[in-house]
Amino acid sequence: MTGKRKWISRLTDFIFLLPAFVIFAAVIAIPFIQAVGIAFTNWDGLSKTYQFNGLTNLTALFRDAQTANAVKNTMLYTVITCVGVNILALAITVGLNSNIRGARFLKSAMFAPIIASLVITAFIWGRIYGDVFPVNFGVPTPLTNTKTVVMGIAMMCLWRDTGLAMVIYNAGLQSVPEELKEAARVDGANAWYTFWHVTFPMLAPAVTTCVTLWLGYGLKVFDYPKVATNGGPGKASETFCIFVYNHFFSNNRAGYGQMAALVMLIAVVGITSAVTKALRKREVQM
Amino acid sequence: MKKKRLRTVSGKAPLWLNIIMWMVVTLFVAPFYILIIYAFKPREATMLSNPLSLPDSLYLGNFTEAVEKSNFFLAFKNSLICTICGVAILVVVCSMAAYIIVRRQKSRFYAIWQYIFLAAVMLPFQTVMFPIYKDLVSLKMLNTLPAYILVSVGFQLGFDIFLYCGFIKTVPLELEEAALIDGCGRMRTFWKIVFPLLKPVTMTVVVLSALAIWNDYQMALVVISKPAVATLPLAQQSFIGQQISYLNLAAAACLLSIIPIFVMYLFLQKYIVKGVVAGAVKG
């Protein structure tokens, strides 16, 4: 009797997990296993037959000049957005928390760009670059120049994401005890010194979080360059995700693209966890 | 009380800082100005010399024309269906999974699932994009809304379970224990007693998931590329592409699609902020 009841209770426990388990299996686990299988073949993505070709895709990937181009663009974008978003968000958060008039209103205004979808963001900035830049400022649009296009796309991300990072910094700043800053002030420290030696070290966990987040977003960026320039002009703004997407859906090299996607997964996880580890270590030292 | 007193001691910010901060924030909000004035200008006015000039009058013709030409309500309906269904499924599925993961923490089987779902948050969509696409083709489910809802739910699942787990850990056991002793089954205990207590985190999950699904572009591009099932971001992208010389119409369509999410943002901002902060802890 008790054995049967125990069994029933175990079954109900599992029923709680079951729907999540099924969806996870269908959308992530099974496709992931298939993905690993595809990565070691010469499949074009359309034909019924294809052969296992070992590590050919991997070696070809490292020799491909387009890989280097995609990696370079992705890195450039990631560095600009990760550094830019964090510096801007930190500076504006600290500014808004120093008893500014209407700070509450300003904080919600800073957050507003996040409600615009990527498509709308790209449309708005397309108009700013295409109409306002040449007519009102006499500057050509950065999106048609191969040297400035990544910078131009990164600007869209800075505009949309800074408010989001501010929310995290704001929460971190609220946790800095007012007494601590007060003590530094009484001891004769100026605002600049207080910020670097009292406030900033207390913000270290927030910095770790934000840097890691935007590092991940940057390395995985697809939507901004896809919608704004579709990787152009030429391949000047083709990021790694677009590179992978194009191999699947326009170049018909599914096996090759899948290998690229797996390498990307390893790179993203590797880079993000290495940076997180380094930042966490520094947190402790501070 | 103490905190408040200390704040006033540190005094008001100087005027120059006030001015700088207001200017910086204005700069961040300014791009919306372009969208709004373009949406209210007739076509000829968008091609005149100064793009930043205010429209002469509030011309509403763009909105009616954009709604007709872009099939706005169809895309709006699709977006609404996907967002509502996706969010409802996420709330039910994730709250249940997180509950059992937290309450059966001592069992190794359930503890491992917490890490598996957390790892799924890191997975780039690109890695499984093509197998998903191929599977949907062979199941004849490509370009259907249920398939899109399933895929969006799958990719939001890990994050929402993570949010629920964090909150459920803080819910005291006593209430449910009493119910269990009274002979109430685990399922009934969960829905009658625990779930109502989860309301704050449920709000956060609802808002963040809704925002993610409503604004999603990448997954929609792969799963639902046909106009009949396209959601707003997709429909807009192709509409903008067609109307490259009718910027006023494109702007009007964009502005219309922001409105529902803007209303949600006005009323639920508190939960968005809470959710972002809670989510950031995962770092």
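None of the figures in this text is laboratory data; all of them are computed from the coordinates on show. This one's a predicted model, so the numbers in the text were calculated from it and none came from an experiment. Because the Cβ atoms are built from the backbone with ideal geometry, glycine has one as well, and the counts that use them run over all protein chains shown.
Note on the protein assembly as shown: the C-alpha convex hull projects to 31.1 nm² when averaged across all orientations.
Rounded to the nearest 20 debye, the dipole size of the range A:65-285 about its Cα centre is 340 debye, using +1 on the Cβ of Lys and Arg and -1 on the Cβ of Asp and Glu.
In whole Å, what is the distance between the alpha-carbon centres of the range B:88-102 and the range B:128-195? Measuring centre to centre over Cα atoms gives 4 Å. Using Cβ point charges alone (K and R +1, D and E -1), the dipole size of the protein assembly as shown about the Cα centre works out to roughly 1400 debye. GNM remark for chain B: springs join alpha carbons under 10 Å apart, and the peak mean-square fluctuation among B:ILE149, B:ILE181, B:ILE112 falls on B:ILE181.
In chain B, the DSSP-assigned H stretches of four residues or longer account for a calculated mean residue ellipticity at 222 nm of -24000 deg cm²/dmol, using -39500 (n - 2.57) per stretch and the full residue count as denominator. Cβ-to-Cβ counts within 10 Å put A:PHE137, A:PHE40, B:PHE195, B:PHE73 in ascending order as A:PHE137, B:PHE73, B:PHE195, A:PHE40, the fewest first.
Using C-alpha pairs below 8 Å separated by at least 6 residues, the relative contact order for chain B is 30 percent. Pairwise Cα distances in the range B:71-280 exceed 32 Å for 27 percent of all pairs.
Between A:LEU18 and B:ILE116, the C-beta separation translates, for a Förster distance of 22 Å, into a calculated FRET efficiency of about 0.90. Projecting the Cα atoms of A:ALA89, A:ASN99, A:GLY54 onto the charge dipole of the range A:34-135, computed from C-beta unit charges around the Cα centre, puts A:ASN99 farthest toward the positive end. The Cα trace of the range B:13-59 gives Rg and Dmax of 14.9, 46 Å, the first to one decimal, the second as a whole number. Shielding value for B:22-34 is 6, the average number of Cβ atoms from other chains within 10 Å of each residue's Cβ.
Here chain A is scanned for trypsin sites (Lys or Arg not before Pro) in DSSP loops (not H, G, I, E, B) that have at most 10 other Cβ atoms within 10 Å, and the longest stretch holding none of them is A:148-286. If you take the square roots of the eigenvalues of the alpha-carbon gyration tensor of the range A:65-285 and sort them as a ≥ b ≥ c, do you get rounded (a/c under 1.5), prolate (a/b over b/c) or oblate? Judged from the Cα gyration tensor, the range A:65-285 comes out oblate (a/c at least 1.5, b/c at or above a/b).
Label sites at A:ALA25 and A:ASN99, each approximated as a point 7 angstrom past Cα along Cα to Cβ, lie 6.2 nm apart.
Volume of the convex hull of the range B:142-241 (Cα atoms only), normalised per residue: 108 Å³.
Given a Förster radius of 45 Å and the C-beta distance between B:LEU139 and A:THR144 as r, what FRET efficiency does 1/(1 + (r/R0)^6) yield to the nearest 0.05? E between B:LEU139 and A:THR144, to the nearest 0.05, is 0.60. Look at B:LEU27, B:LEU249 and count the other Cβ atoms within 10 Å of each Cβ; fewest to most, that gives B:LEU27, B:LEU249. Length gained on full extension, A:PHE200 to A:VAL269: 22.1 nm, using 0.36 nm per residue less the C-alpha separation. Projecting the Cα positions of A:GLY255, A:MET151, B:TYR59 onto the charge dipole of the protein assembly as shown (unit charges on Cβ atoms of Lys, Arg, Asp and Glu, taken about the Cα centre) puts A:GLY255 furthest along the positive direction. For the segment A:254-265, counting C-beta atoms of other chains within 10 Å of every residue's C-beta and taking the mean gives 3.
Of all the options B:GLY154, B:GLY183, B:GLY241, the one that moves most in a Gaussian network model of chain B with Cα springs shorter than 10 angstrom is B:GLY183. Computed as a quarter of the hull surface, the mean projected area of the alpha carbon convex hull for the range A:157-286 stands at 10.1 nm².
Charged side chains reduced to their Cβ positions (Lys and Arg at +1, Asp and Glu at -1) give the range B:71-280 a dipole of some 240 debye around its Cα centre. Largest mean-square fluctuation among B:ASP135, B:ASP216, B:ASP160, in a Gaussian network model of chain B whose springs join Cα atoms under 10 Å apart, belongs to B:ASP135. Counting neighbouring Cβ atoms within 10 Å and putting the fewest first, the residues A:MET110, B:MET23 line up as B:MET23, A:MET110. Ranking A:VAL176, B:ILE224, B:ALA120 by Cα position along the charge dipole of the protein assembly as shown, where only Lys, Arg, Asp and Glu carry charges on their C-beta atoms, puts A:VAL176 farthest toward the positive end. With a 10 Å cut-off around each Cβ of A:3-10, the average count of Cβ atoms from other chains is 1.
Computed over chain A, the per-residue total of -39500 (n - 2.57) for DSSP H runs of n ≥ 4 gives a 222 nm mean residue ellipticity of -22500 deg cm²/dmol, rounded to 500. Measuring nothing but how far apart in sequence close Cα pairs (under 8 Å, 6+ apart) lie, relative to its length, chain A scores a relative contact order of 30 percent.
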